Amino acid sequence: MKEIKFKIYHPSIDIVSDRTFRSLLKTFSSLIREVQYQEVIYLINHSELLPSEKQSLRDRLKGPLNHIPAYYVEKIERGSIVIEVSVSAMALWLLKNTIGESVKEAWKQSEMHKSIVAYLSGSDERKRVIDKNIDMVFDAWKFDAFIVENIEKEELDDDTFSITVNLNTSPLLEEHIKENVKKVDTHLVIEEIQKEINRLSNED
């Protein structure tokens, strides 16, 4: 399993402001970075390296892994919200580049590289690790105004693992949005101004 795809789906939001959208994407980015971080930590912890070498790798990667490009956007739809992304391999790429800084013996570097290739080329172990990491990470995070209804995981083919995060809005918040949130466009401005003109005319 080489590729991981994520999809966020919300069935019933009519109006999404840039602020709400940015907040949703920011949370989603943090979640995917954490999933990638946990995968890299798993690979380090299950390697044949010495404890000091493992610690060195973890220390060197901790900061950079917080700022990696988490995903590449493939599709966005509105009406209902649909955001589809493919997860970047930046965390794995950073691990590959950092091995030589923490592990001095060439044979150990080679063995670590071989173990990463075997892990990425097979399907069962990585699927199990990603599956577990998704459950752990999503259980610990919140999507602000949204509720995670469920998470669907599906192996699309031998190469791709797909995760769909189904969101919903709490009934109270949904009612508040319907009653109070309006799309402020040109038509609304003209309508409001026309009402004001009529009100002022009636006062004369």
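Can you give me the angle between helix 18-45 and the longest principal axis of the chain, using Cα atoms only, in degrees from 0 to 90, rounded to the nearest 10?
Once rounded, the angle reads 10 degrees.
Please compute the per residue accessible area over the chain with all protein chains in place, 1.4 Å probe, rounded to a whole number of Å².
Per-residue accessible area for the chain comes out at 61 Å².
Where is the GNM fluctuation largest for the chain (alpha-carbon springs, 10 angstrom cutoff): N133, N97, N66?
Between N133, N97, N66, it is N97 that shows the largest mean-square fluctuation.
In debye to the nearest 20, how big a dipole does region 55-168 give about its Cα centre with +1 on each Lys and Arg Cβ and -1 on each Asp and Glu Cβ?
660
Out of residues 5 or more away from Y71 or on other chains, whose amide H comes under 5 Å of its own, with H placed 1.01 Å from N in the peptide plane?
Residues meeting the amide H criterion: S88.
Name the long-range amide H neighbours of S162: under 5 Å, sequence gap of 5 or more, or other chain; modelled H, no Pro or chain starts.
K5, E154, E155, L156
Roughly how many Å is it from the Cα centre of region 121-152 to that of region 71-97, as a whole number?
Taking the Cα centre of each part, region 121-152 and region 71-97 sit 15 Å apart.
Compute, for region 7-92, the length of the dipole vector about the Cα centre, with Cβ point charges of +1 (Lys, Arg) and -1 (Asp, Glu) only. Units Debye, rounded to 20.
240
Using a simple charge model, +1 on the beta-carbon of Lys and Arg, -1 on the beta-carbon of Asp and Glu, nothing else, what dipole does the chain show about its Cα centre, in debye to the nearest 20?
Using Cβ point charges on Lys, Arg, Asp and Glu, the chain gives about 860 debye.
Would you mind telling me the share, in percent, of accessible area of the chain contributed by carbon and sulfur at probe 1.4 angstrom?
52
Please figure out what share of the DSSP beta bridges in the chain is antiparallel and state it in percent, rounded to the nearest 5.
About 75 percent, rounded to the nearest 5.
The values are calculated or read from the model by the stated rules, or taken from the named source; none is laboratory data. Here the structure is a predicted model, which is why all the values come from computation and not from measurement. Heads up, the Cβs are rebuilt from the backbone with ideal geometry, glycines too, and the neighbour counts pull from every protein chain shown. Side chains are part of the model used for accessible areas, which takes the heavy atoms of the whole protein and leaves out ligands, DNA and RNA. Shrake-Rupley method; radii C 1.70, N 1.55, O 1.52, S 1.80 Å.
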